[in-house]
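The values are calculated or read from the model by the stated rules, or taken from the named source; none is laboratory data. Note that the structure is predicted; figures quoted are calculated from it, not measured. Note: ideal-geometry Cβ built from the backbone for every residue, glycine included; neighbour counts use all protein chains shown. The protein model used for the area step is the full one, side chains on, heavy atoms only, and it has no ligands, DNA or RNA in it. Shrake-Rupley method; radii C 1.70, N 1.55, O 1.52, S 1.80 Å.
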Amino acid sequence: MTHRLLKGIVLLAAAATALACKDEMKGDAYISFKLSPDYSRQNLSLMTEKILTENEKINLPDTGDFILSITGPGGEPVYKGSYNRRPEPLKVKAGSYDLSLYSTEFDKPGFSLPQFGDNRTVVAREGESIAVAFECTQQNCGIRLDFDESFINRFKNSEISISSEEHSLSYPYSENRTAFFLPGLIRVTCTENEVSTPILSRQLAAADMLTIKLSSSDDSQDSFSVIIDTSRNWISEDFKFGSGNDGSSIEKAISIGDLVLNYGAEEVWVTGYIVGGDVSSANVKLEPPFTKNTHVAIADSPGASTREECAAVELPSGSIRDAVNLIDNPELIGKRIYIKGDIENYFSHPGVKSTKEFLLD
């Protein structure tokens, strides 16, 4: 069979109604589907070339093997099977029908598993024949990690995983395939000694294909480049982990993103913006009123909004707690603070305990 892919895959370019008013059609309607030969070879060539550039072979299905699903006005199944085996035309009762065409089932993350598809709703009127067009673009997103030796050496005893809100995939250093997820917030996490620490997170849309090269450096620099073609958004990015600051002074204060690199360090300076309090292992409260005066949450950005971006800072009783706790000092939200203490596991994330000094900027 011939692959038929365009800016994904285009199946007939019109949704038109033509009529047949024969008595035997009374009370019924017909839905038909036709394949267009336009662009198939050109777009298949472009997509295959791009995939090979990513050093990964993906077997794209023939359009005839795509899964066609049709449900009726009450949600009842009318047809589900390969496109090639569909009734042509499909005889239905008058009413509204939900139609979908997709290359493969996709309900959880997987490697080398792009999904192309489209969804349409049509209204079939008594005695009418409808021709339906699908424009099958990529529905999921992909992320691939490329590990530099500097990153592997620094995290050689750690497990790396990629996760969405509901699912997670292990991504060992030997892996080089693309992991596909439903669009949304995708996180890269490092786990060592049962402590999980977020490395980075990216918001990906349908058809985004992100490659991140992870390295660890004493220099503080992040860089990225974006390459986009007509059918999928191919994004490549270099991510350097680590600022090189050792916390030996306020000028060399450690950022929140670098806490994981400094587990166990004692009496070091850490800096961030106060963003909230009432921290738990999964949540952080970002707005007053607050109920706990024993700690605050700080982050590298004053606009941080997720637990993964924040670190809890312990406030010992006395002058430090009196000056920094957010029950009594809610106006400190958004202020930069420098804190001297020990970097330890705190609320299941890297945090600062045994705080000895602080300086508000």
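Summed over the range 245-283, the residues that are of a type in the set (A, V, I, L, M) and open to solvent by 30 Å² or more (accessible area, probe 1.4 Å) give a count of 3. For the range 108-117, taking the residues that are open to solvent by less than 20 Å² (accessible area, probe 1.4 Å) and more than 15 Å from the chain's Cα centre (by Cα), the one that is farthest from SER161 (Cα to Cα) is identified as GLY117.
For the range 178-202, the set of residues classified as over 14 Å from ASN140 (Cβ atoms) and open to solvent by 60 Å² or more (accessible area, probe 1.4 Å) consists of GLU192, ASN193, GLU194, ARG202, listed by residue number.
For the criterion of being outside any helix (DSSP H, G or I), modelled with pLDDT under 95, of a type outside the set (S, T, N, Q) and farther than 12 Å from GLY351 by Cα, ALA282 passes.
Looking across the range 285-299 at every residue that is open to solvent by less than 20 Å² (accessible area, probe 1.4 Å) and aliphatic (A, V, I, L, M), the one that is nearest to VAL324 (Cα to Cα) is identified as VAL296. What's the total number of residues in the range 179-204 that are assigned to a loop (DSSP other than H, G, I, E, B) and either at pLDDT below 90 or touching a Ser or Thr at 6+ places or on another chain (Cβ under 6 Å) (or both)? Total meeting the criteria: 2.
Looking at the range 68-107, the strands (runs of 3 or more DSSP E) lying wholly inside it that each contain 3 or more residues that are buried (at least 17 other Cβ atoms within 10 Å of the Cβ) sit at 95-102.
Answer yes or no as to whether THR63 is β-branched (Val, Ile, Thr) and either under 15 Å from CYS136 (Cβ atoms) or at pLDDT 55 or above (or both). Yes; evaluated as a whole, the condition is true for this residue. Of all residues in the range 134-160, those satisfying the criterion of being surrounded by fewer than 18 Cβ atoms within 10 Å (Cβ to Cβ) and farther than 23 Å from GLU105 by Cβ are ASP146, ASP148, GLU149, SER150, ILE152, ASN153, LYS156, ASN157, GLU159.
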